[in-house]
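Presented below is the structure to which this report refers.
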Amino acid sequence: MQMQQQSQSSNNHSSRLSWGRIVFILGVLGGGIGFTVQFLDLNLEKILNWCQHTCVKKPVDCNAPIFGSNDWQFCANQLAKAAFDPASFQVQIQRIPLLSVTYNAEGNQVGHYGPIQDIDSPTTIQIGDQYQIRLQSPVAMRMYMLYLDETGIITKMQQMPDGYVALAAQQKVVLPKPSQAYEVRPPSSGAEHIFILFVPDQPQPLLDVPIGNLTTTLNKKSASVHLAALFTKTLADRSIRFTFNIRPWQPTAMPLTTNLEE
């Protein structure tokens, strides 16, 4: 009986010690938190605001991210992932060389051109030469095409006011039409580039917004910088880049032709 009383007394003592320790630990923690809150001058509103931005990850809005920000880079990476592999597209750039120039009765220049030639990148073309792009799209998509001159300024291609064309699956196209081929005009010189990107046929804000700003006076330069950063860096491996080295025109000994392929 005495042993049972001693055992019970020991258990009660241990229990009191355990609870005492728990109360002590809780007191220390509470005091520490109170000191931290007072020291850092935090209040509940600040804590909740901090947790809203840190504890919960908000979705990134790719409609208007700030250029160069983490959100912008995230959106650029997503665009690169969505882009179709350019190797799966049959794309050929063709040169229509300017052979000579004469004047008509009205005094206007008339260019005489040689046969259409398939060319690779990089290549050398002359001022006055024309070129066009042939391709077949394996799937329905948008094809963006932009021009980068030697000064680093990006512009829209002629006859592509939106910077892209929508193509159906298996569609064969010539851009632009042979009778309206792109022409290399002064003061073109040095190395210039054409970028071609294939993406799903849906709005692409990271491209559409700066392309729309290329025609505005205030935003033209910054829009060009944004697009150049996209195509020369993040999209470099997901787009096609044709490079032209442009030189002044010189007469070329080559058979004349007036029949451009339709």
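The values are calculated or read from the model by the stated rules, or taken from the named source; none is laboratory data. All of these numbers come straight from a predicted model, not from anything done at the bench. Note that we place each Cβ from the backbone using ideal geometry, even for glycine, and neighbour counts take in every protein chain shown.
Does Gly107 meet the test of being over 27 Å from Ala223 (Cβ atoms), in contact with a Pro (Cβ under 9 Å, 6 or more places away or on another chain) and assigned by TED's automatic domain parsing to the domain that holds Thr232? Steps first, please.
Numbers: over 27 Å from Ala223 (Cβ atoms): yes; in contact with a Pro (Cβ under 9 Å, 6 or more places away or on another chain): no; assigned by TED's automatic domain parsing to the domain that holds Thr232: yes.
No, not satisfied.
Among the candidates Asn63, Asn77, single out the residue that is part of a helix (DSSP H, G or I) and either at pLDDT 85 or above or of a type in the set (Ser, Thr, Tyr) (or both).
Details: Asn63 fails: part of a helix (DSSP H, G or I).
None of the other options fit; the residue is Asn77.
Do we find that Gly163 is over 27 Å from Asp201 (Cα atoms) and of a type in the set (Gly, Ala, Ser) in this structure? So that I can check it myself, show each step before the final result.
Numbers: over 27 Å from Asp201 (Cα atoms): no; of a type in the set (Gly, Ala, Ser): yes.
So Gly163 fails the test.
Out of all the residues in region 111-170, which are of a type in the set (Ser, Thr, Tyr) and assigned to a loop (DSSP other than H, G, I, E, B)?
Within region 111-170, the first condition is being of a type in the set (Ser, Thr, Tyr), and the residues that meet it are 113, 121, 123-124, 131, 137, 144, 147, 151, 155, 164.
Matches in region 111-170: Ser121, Thr151.
Listed here are the residues, each with its yes/no results for (1) assigned by TED's automatic domain parsing to the domain that holds Leu99; (2) modelled with pLDDT of 95 or more; (3) more than 22 Å from Ala223 (Cα to Cα).
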residue	(1), (2), (3)
Tyr131	yes, no, yes
Asp162	yes, no, no
Val174	yes, no, yes
His193	yes, no, no
Val199	yes, yes, no
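Within region 127-163, can you find the residues that are more than 15 Å from Ser239 (Cβ to Cβ), touching a helix residue (DSSP H, G or I) at 6+ places or on another chain (Cβ under 9 Å) and of a type in the set (A, V, I, L, M)?
Correct list: Val139, Ile153.
Results for (1) surrounded by fewer than 13 Cβ atoms within 10 Å (Cβ to Cβ); (2) within 23 Å of Gly128 (Cβ to Cβ); (3) at pLDDT 95 or above, shown as yes or no for each residue.
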| position | (1), (2), (3) |
| --- | --- |
| Thr155 | no, yes, no |
| Ala169 | yes, no, no |
| Glu183 | no, yes, no |
| Ala229 | no, no, no |
| Ala253 | yes, yes, no |
| Thr257 | no, yes, no |
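List every residue pair whose Cβ atoms sit under 6 Å apart, with the two residues 6 or more apart in sequence or on different chains, where the first one lies in region 208-232 and is in the same structural domain as Phe242 (by TED's automatic domain parsing) and the second, anywhere, is of a type in the set (Val, Ile, Thr).
Ser224/Ile153; Ser224/Ile154; Leu227/Ile154; Ala228/Ile154
Cβ-Cβ below 9 Å, separation at least six or inter-chain, first residue in region 66-80 and closer than 14 Å to Val225 by Cβ, second outside any loop (DSSP other than H, G, I, E, B) and charged (D, E, K, R): which pairs?
Ala76/Lys233
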